[in-house]
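Colleague: One structure coming up, written as structure tokens, with questions to follow.
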Amino acid sequence: MATVYSTSVFQPGIFSNKVVFCTGGAGTICRRQVEALVILGANAVIVGRKKAVTEKAAAEIQHLRKGSKVLGLSVDVRDYKALQEAMEITVEELGKIDYVICGAAGNFLADFRHLSSNAFKTVIEIDLLGSYNTVKAAQNQLIKNKGTVIFVSATLHYYGVPFQSHVGAAKAGIDALSNALAVELGPFGVRCNCIAPGPIEGTEGISRLLPKEMTENVRKAVPLQRFGTIDDIANATVFLFSPASSFITGTTIVVDGAAWHTGQQG
Ligand code: HXC
């Protein structure tokens, strides 16, 4: 997979002295978001549920730029206290928090008739409550540093996608949370936006949720005739954290090659 990060567009060092806190940062999409920010000058903390995986990812990301500092911490975003402690460690070790990515998510295909109440609750708690917990725990740092939040959303709640009622409801809630926080925190100089990835190649979303035999048809149905890449999401992330988007808040950048407009996703 090509590594883009649009270095021809974005200047090296644009995120010097910036610190990003990312949940789900060891996962495919969020890891690349953090990699791009670190390459362009930021330091970072990534959190995930699996300690060894998260620490390994952090060490690998740190190698991408000499002098960078990247920590990996074991946190379940459903645990508000654990998130608060992770934020405290971030401020102790890296000095502050400027940017927050709410990327931790859980997903599986399940038809509504067999989806248990606990299964629905689990996804709502990881995706939506976890996003709330993250911004809530970071709020003082965000206000102090006039920070920016990116929520990783989706497009499947723009219409009805079968077997995804739990995730669709969670992501719709995340969009609503982002809009409300953009309004409430705007006067403090804090911006909040969503990125909604479409089908992105090489992700768990594709490998676990899209049956292999449907892959080619779904790819052909994308108006741009390809799946997205994790670099496409990273580039949108760099834009939304950069001063180039300083008047953009309370919106969603859909990065899907116009896939959802065709009504054929999923
Ligand atoms: C039906 C399921 C299920 C499945 C779990 N459950 N997997 N129900 N089908 N495949 C039910 C369980 O039976 C249980 O309900 C409840 O969910 C909680 O399950 P646990 O395993 O106890 O929860 P937990 O350990 O917290 O695991 C969370 C998880 C898991 C979401 C269920 O899949 C997970 O952690 N996945 C890893 C992260 C992940 O999914 N990443 C993919 C992100 S892709 P009962 O009733 O039995 O107690 C993505 C893309 C979104 O998010 C956009 C798509 C386009």
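Colleague: Is one or more of the residues making up segment 173-192 away from the ligand (no atom under 16 Å from the Cβ) and assigned to a strand (DSSP E or B)?
Modeller: Checked against the condition, which is being away from the ligand (no atom under 16 Å from the Cβ) and assigned to a strand (DSSP E or B), segment 173-192 yields at least one hit.
Condition check ((1) assigned to a helix (DSSP H, G or I); (2) at pLDDT below 95; (3) among the aliphatic types (A, V, I, L, M); (4) over 21 Å from Phe21 (Cβ atoms)) across all residues:
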| residue | (1), (2), (3), (4) |
| --- | --- |
| Gly205 | yes, yes, no, yes |
| Leu224 | no, no, yes, yes |
| Leu240 | yes, no, yes, no |
| Phe247 | no, no, no, yes |
| Gly250 | no, no, no, no |
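Colleague: All but one of (1) buried (at least 18 other Cβ atoms within 10 Å of the Cβ); (2) within 20 Å of Glu125 (Cα to Cα); (3) not charged (D, E, K, R) hold for Ala236; state the number of the condition that does not hold.
Modeller: (2)
Colleague: Need pairs with beta-carbon distance below 9 Å; first residue within 11 Å of Gly27 (Cα to Cα) and charged (D, E, K, R) and within segment 41-52, second at pLDDT 95 or above and assigned to a strand (DSSP E or B); sequence gap 6+ or separate chains.
Modeller: Arg49/Ser74; Lys50/Ser74
Colleague: Say we look at segment 213-231 and pick out the residues that are free of Cβ contacts under 8 Å to residues at least 40 places away in the same chain and crowded, with 19+ Cβ neighbours inside 10 Å; which of these is farthest from Leu40 (Cα to Cα)?
Modeller: Checking each candidate, the answer is Phe227.
Colleague: Report yes if some residue within segment 163-179 is of a type in the set (Val, Ile, Thr) and free of Cβ contacts under 8 Å to residues at least 12 places away in the same chain; otherwise report no.
Modeller: no
Colleague: For residues that are within 13 Å of the ligand (Cβ to nearest atom) and not hydrophobic (A, V, I, L, M, F, W, C), scanning just segment 202-218, find the one that is nearest to Val167 (Cα to Cα).
Modeller: Among those residues, the one meeting the criterion is Gly205.
Colleague: From Ser68, Ser16, Ser74, which residue is more than 21 Å from Gly205 (Cβ to Cβ), within 16 Å of the ligand (Cβ to nearest atom) and not aromatic (Phe, Trp, Tyr)?
Modeller: It is Ser74.
Colleague: When you go through (1) crowded, with 22+ Cβ neighbours inside 10 Å; (2) over 19 Å from the mean Cα position of the chain (by Cα) one by one for Asn17, which number turns out not to apply?
Modeller: For Asn17, the failing item is (1).
Colleague: How many residues does segment 87-114 hold that are surrounded by fewer than 17 Cβ atoms within 10 Å (Cβ to Cβ) and either of a type in the set (Asp, Glu) or within 14 Å of the ligand (Cβ to nearest atom) (or both)?
Modeller: 9
The values are calculated or read from the model by the stated rules, or taken from the named source; none is laboratory data. Since we're looking at a predicted model, the values are computed, not measured. Ideal geometry is used to build each Cβ from the backbone, glycine not excepted, and the neighbour counts take in all protein chains shown.
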